[in-house]
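Heads up: the structure comes next, in structure tokens.
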Amino acid sequence: MFYGIKTVKEALALMLRVWREAIVFFLSIELWLMVLVAGATVGGVWLAFTGDVRGMLALSLAAAYLLGRVVLHAKRILSWPFL
């Protein structure tokens with residue numbers, strides 16, 4: 001994409017406009033829950049690799065969250081956000 005930006009002021013104005021349009025997404029609870037699930041998955045895999053039993057707990061919580069989301073979407077309680 002080319003916006004024809006020639007000055008720093010125009011670049012800052014464009015960046016501010018983009019952030020204002022995207023702030024709703026970055027403040028959504030769904031995004032942060034998915035970030036936490038990703039962290040639990042990575043941490044669970046690492047703990048499982050090191051032989052710690054807590055890795056199973058972290059992985060099971062991440063799997064339960066993802067399974068719960070699928071069930072809620074199938075029951076049409078949640079809408080499909082990225083389709």
Looking only at the stretch 71-82, decide whether some residue is of a type in the set (A, V, I, L, M, F, W, C) and surrounded by 12 or more Cβ atoms within 10 Å (Cβ to Cβ).
yes
Taking the options Val18, Val8, name whichever one is among the aliphatic types (A, V, I, L, M) and within 22 Å of the chain's Cα centre (by Cα).
Val18
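For Val37, are the conditions met, namely being under 23 Å from Arg69 (Cα atoms) and surrounded by 12 or more Cβ atoms within 10 Å (Cβ to Cβ)?
Answer is yes for this residue.
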Of the numbered conditions (1) in a helix (DSSP H, G or I); (2) over 30 Å from Tyr65 (Cα atoms); (3) among the hydrophobic types (A, V, I, L, M, F, W, C), Ile5 fails exactly one; give the number of that condition.
(1)
Any pair with Cβ under 8 angstrom, 6 or more apart, that starts in the stretch 55-83 at a residue that is over 19 Å from Val42 (Cα atoms) and ends at one that is at pLDDT 85 or above:
Leu78/Arg69
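The values are calculated or read from the model by the stated rules, or taken from the named source; none is laboratory data. A quick note: this is a predicted structure, and the numbers were derived from the prediction, not measured. No Cβ is skipped: glycine too gets one built from the backbone with ideal geometry, and neighbour counts run over all protein chains shown.
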